[in-house]
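Novice: Mind looking over this structure? Questions follow.
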Amino acid sequence: MAKKPTPPDDSDPFDAIIDAPFDAALSERYLVYALSTITARSLPDLRDGLKPVHRRLLWAMRQLKLEPTLAFKKSARVVGDVIGKYHPHGDASVYDAMVRLAQDFALRYPLVEGQGNFGNIDGDNAAAYRYTEARMTRTAMRLMAGLEDGTVDYHPTYNGEDEEPEIFPGLFPNLLANGATGIAVGMATSIPSHNVAEIVDATLMLIDNPAVEHAELMTVFHGPDFATGGVVVDSPASISAAYASGKGAIRTRGRFSTGRDEAGVWEPSGIERTGSGQWQLVLSEIPYMVAKGKLIEQIANLIGDKKLPILEDIRDESDTQIRIVFVPKSRNVDPELLKESLYRLTDIESRFSLNLNVLDARRTPGVLGLKLLLQEWVISQIDIMLRRARHRLEKIAARLELVDGYIIAYLNLDRIIEIIRGEDEPKPVMMAEFALTDRQAEAILNMRLRSLRKLEEMELRREHAALIAEQDDLTKLLENPAKQRTKLKRELAALRKEYGPDTPLGRRRTTLAEAAPAREFNMDAMIEKEPVTVIMSQRGWIRGAKGHVPLDGDFKFKEGDGPAFAFHAQTTDKVLIATDAGRFFTIGVDKLPGARGFGEPIRTMLDIDPDAQIMAMVVHKPGGQLLLAANTGRGFAAQMDELLAETRKGRGVVSTKPGVKLTVVREIAPEHDHVAVIGDNRKLVIFALNEVPLLAKGQGVALQRYRDGGMADAISLRLDDGLSWPMGGGSGRIRIEKDLLPWKVARGAGGRLPPNGFPRDNKFA
């Protein structure tokens, strides 16, 4: 049979396109994405302290019966169930979240017990999930306690095939105990871990006195208790202010110590004597979220770059406990100076941002202070308590109905048996004669014969009395807020006993000790003073040869290159590098490459413009001065201290215009009192040094006047010593002109021809 032709579809596909402003459509869709990220991915719930992925992981493990007393199962099984049933995201992200729940250096109270390689504090990743196994910890079971008691709502999973709880109802302050970090759209959260005993103490104080001041709470709630220990060195006032507002920063340091003594107290100095007066520092704990491997690499780089010259070596002698050994350069190094330098230069001191941004019971994000956060948690726990009580009352009522029916049956046992034996439909007869409900009659008909013994009747009467008493207690609990608070306090006291400060898990790991004011010291003072010969080629390759070698020595350069600058310095010196663009750069002599090769291009160390030419290199002298002059004959004096640049980009000192270049950079000796300037026109002027202004930046003043050409050279001198210059012919002789009065004029004069024999290149010595 032939098919009927399909009628043509006259509808225009473009009719389905909605004409809307692009910015409105984009903002609407981005808002949906942002809300999803905030409420369903990045921020923890205040009530159980978990993000959805963590909650779904633990829920899947509960469904797999991975309890602490039962066997482990493959992590791949858990991850598969999570992404297949509850969390439609990538397996890598889910497994990473699971790994973090199992790491005792990431979580203060781990929720997952791992078997296999779950990563380490060095920063190494965990093994693939096909190799590792996991189960829940007792803390996780406590967090989920009460799920079967009607305490929380359930909602369908993403595909509607199953259900999952909205939160976990257990009485464990997981939000503060384990903390959380996350980045959403336009907001973030960063909560450190804390000690459960201190959280409970603060909560009990709040329950007893809802009007308690924040300062009182901080007398029992002292601050973070990180999984990796360490020392919090902020002042109590600073910590209190951060928790009052919900935002701040916590400064933490690693712990220098050789371990605990017999009483469990840390030995504070961290100094370990090795004999013959030698010593070494031992670091036994590192700040939270600092990878040990990267920390050691960071310090090793500082040693290699000579940025920490008082440190000879670093060794990692860690096993299950961290033990990082620092070997000083010599036994005369001040241990406190070494510690302070490590705090300043490395991640042994770090900052943990405090941002108590969480989702409340209405799924609304907000930054809460400590008091408000604890209040909200107490309210949620009381709500869970009441829901549990109502659920239990429903169970009691249902059970009492059956127990009442059983008791009626025992009191009228013979008649019940007679009805069952004699009636075709005994159920309606029993219900009519004894006023039984349908459930009671059905339960009596389903009784076993062995249940008809006398002992069973006595047990039913005891059960009935116990249920009535429990029902009465629960009813009073629902009606009396004081009883609710008392019950919560009793349960919190039991929690504190389990996680008390005298237990291995509950003992505080992080010490709170305000640091003394930082010692003022110059980091350059730590550099060992050694002689160096600085050599730079015409193409800008720089190096530092050990020792003071002859400056006219036969230095090796690349083909086509040659010497430009060579001078003696010390490793503690800094070199001022001036370009013709009027910009000054600074480099430490200790940071120069060695002289075994050709060195390194100076432009890889400093951001010198490729078109700029290096005009001078001068060793910085504290309090010293330089004479700076451009080819236009304008110049000024500058303090060397003000020419030091703190960054690679240098410091602009001499203002130049197109065609103007810095050509003279000469050191002014303390005894100098005059300045000599000679122009391209071979005219010489000499004037008093005090006529030259001392500036930090600018163009300066006119040193000499020219009709044509510009300045050739300038120098400072002592007038009584005269003007000297080398004689030609390679004789090495120096000529000195003592009588300089014919050339001594005011600054800015045109000048006159120099003395006979002055170099034809118009350059001073």
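Derivation of every value follows stated rules applied to the coordinates shown; laboratory data play no part. Remember, it's a predicted structure, so these values are computed and weren't measured experimentally. FYI the Cβ positions are ideal-geometry reconstructions off the backbone, even for glycines, and counts take in every protein chain you see.
Novice: Where the centroid of each part is defined by its Cα atoms, how far is region 525-582 from region 59-78 in Å?
Specialist: One Cα centre to the other: 67 Å.
Novice: Setting aside same-chain residues fewer than 8 positions from Lys51, which lysines have a Cα under 30 Å from its Cα?
Specialist: Lys65, Lys73, Lys74, Lys85, Lys247, Lys292, Lys294, Lys371, Lys487, Lys489, Lys497
Novice: For helix 454-479, what angle does its Cα long axis make with the longest principal axis of the chain, in degrees from 0 to 90 and rounded to 10?
Specialist: Helix 454-479 sits at roughly 50 degrees to that axis.
Novice: Based on the Cβ-Cβ distance of Arg344 and His391, what FRET efficiency does E = 1/(1 + (r/R0)^6) give at R0 = 51 Å, to the nearest 0.05? Mind showing how you got there, number by number?
Specialist: Numbers: r = 58 Å, r/R0 = 1.14.
The calculated FRET efficiency here is 0.30.
Novice: Taking a label point 7 Å from the Cα of Lys529 along the Cα→Cβ vector, which residues of region 576-610 have an amide N closer than 20 Å to it?
Specialist: Only 576, 587-592 fall inside the zone, counting backbone N under 20 Å.
Novice: Another question, then. Using θ = phi - 60° and the Karplus relation 6.51 cos²θ - 1.76 cosθ + 1.60, list the HN-Hα couplings for region 708-713 in order, rounded to whole Hz, with x at every Gly or Pro.
Specialist: After applying 6.51 cos²θ - 1.76 cosθ + 1.60, I find 8, x, x, 7, 9, 6 Hz.
Novice: Note the angle between two axes, namely the Cα long axis of helix 22-37 and the longest principal axis of the Cα atoms of the chain, as a number of degrees from 0 to 90, rounded to the nearest 10.
Specialist: It works out to around 70 degrees.
Novice: Additional query: Arg603 to Ala669: extension gain in nm, 0.36 nm per residue of separation minus the Cα-Cα distance? Let's see the in-between values first.
Specialist: Details: separation 66, 0.36 × 66 = 23.76 nm, distance 3.01 nm.
Taking Arg603 through Ala669 to full extension adds about 20.8 nm, to one decimal.
Novice: Ok, one more. Under 5 Å between amide H atoms, partner at least 5 residues away or on a different chain: which partners does Leu111 have, H built in plane at 1.01 Å?
Specialist: The answer is none.
Novice: Looking only at region 577-614, which residues have a backbone nitrogen under 11 Å from a spot 7 Å from the Cα of Lys306 in the C-beta direction?
Specialist: 588-595, by backbone N distance to the label point.
Novice: Please enumerate, by chain and number, the lysines with C-alpha under 18 Å from the C-alpha of Lys427, excluding those fewer than 8 residues away in the same chain.
Specialist: Qualifying lysines at Cα under 18 Å: none.
Novice: If you don't mind, there's one more thing I want to ask. May I ask you to compute the full-extension gain from Asp208 to Lys558, defined as 0.36 nm times their residue separation minus their alpha-carbon distance, rounded to one decimal in nm? Don't jump to the answer; show the numbers that get you there.
Specialist: Values: separation 350, 0.36 × 350 = 126.00 nm, distance 8.16 nm.
Contour length minus Cα-Cα distance gives 117.8 nm.
Novice: For n ≥ 4 DSSP H runs only, could you compute -39500 (n - 2.57) per run for the chain, divide by its residues and tell me the 222 nm figure to the nearest 500? Walk me through the intermediate numbers first.
Specialist: On the way: 17 runs with 223 residues, N = 765.
Result for the chain, helices only: -9500 deg cm²/dmol.
Novice: What is the distance, in nm, between label points placed 7 Å from the Cα along the Cα-to-Cβ direction at Lys657 and at Asp23?
Specialist: Here the modelled spin labels are 4.5 nm apart.
Novice: If exposed means no more than 11 neighbouring beta carbons inside 10 Å and the site is in a DSSP loop, what's the longest run of the chain without any exposed GluC sites (Glu not before Pro)?
Specialist: On the way: sites that count: Glu161, Glu213, Glu262, Glu317, Glu520, Glu559, Glu646, Glu671.
Longest site-free region, per DSSP loop and neighbour criteria: 318-519.
Novice: Any chance you could run the full-extension gain for Asp473 through Asn159? It's 0.36 nm times the residue separation minus the Cα-Cα distance, nm to one decimal. Kindly include the intermediate steps, with their values, before the conclusion.
Specialist: On the way: separation 314, 0.36 × 314 = 113.04 nm, distance 4.16 nm.
Contour length minus Cα-Cα distance gives 108.9 nm.
Novice: Quick check: the angle from helix 91-102's long axis to the longest principal axis of the chain, C-alpha only, nearest 10 degrees?
Specialist: It is inclined by approximately 80 degrees.
Novice: If you add up the charges near Tyr243, with Lys and Arg at +1 and Asp and Glu at -1, over every other residue whose beta carbon is less than 13 angstrom from its beta carbon, what do you get? Write out the running numbers ahead of the final one.
Specialist: Numbers: positive: Lys247, Lys371; negative: Glu198, Glu213, Glu216, Asp234.
Value of the local net charge: -2.
Novice: Total Lys pairs in region 621-765 closer than 28 Å by alpha-carbon, pairs eight or more apart in sequence or interchain only?
Specialist: The number of close lysine pairs in region 621-765 is 22.
Novice: Moving to a separate point now. Within region 481-495, whose backbone N sits under 19 Å from a point 7 Å along Cα→Cβ of Thr503?
Specialist: Output list for this probe position: 488-495.
Novice: Oh, and also: Do any trypsin sites (Lys or Arg not before Pro) in region 594-642 lie in a DSSP loop with no more than 10 other beta carbon atoms within 10 Å, and if so, which?
Specialist: Working: sites: Arg596, Arg603, Arg634; in loops: Arg596.
Those that pass, being in a loop and sparsely packed, are Arg596.
Novice: So if we plug the beta-carbon distance of Lys546 and Arg315 into 1/(1 + (r/R0)^6) with R0 = 41 Å, what FRET efficiency do we get, rounded to 0.05? Can you show the working numbers first?
Specialist: Details: r = 27 Å, r/R0 = 0.66.
Efficiency for this residue pair is about 0.95.
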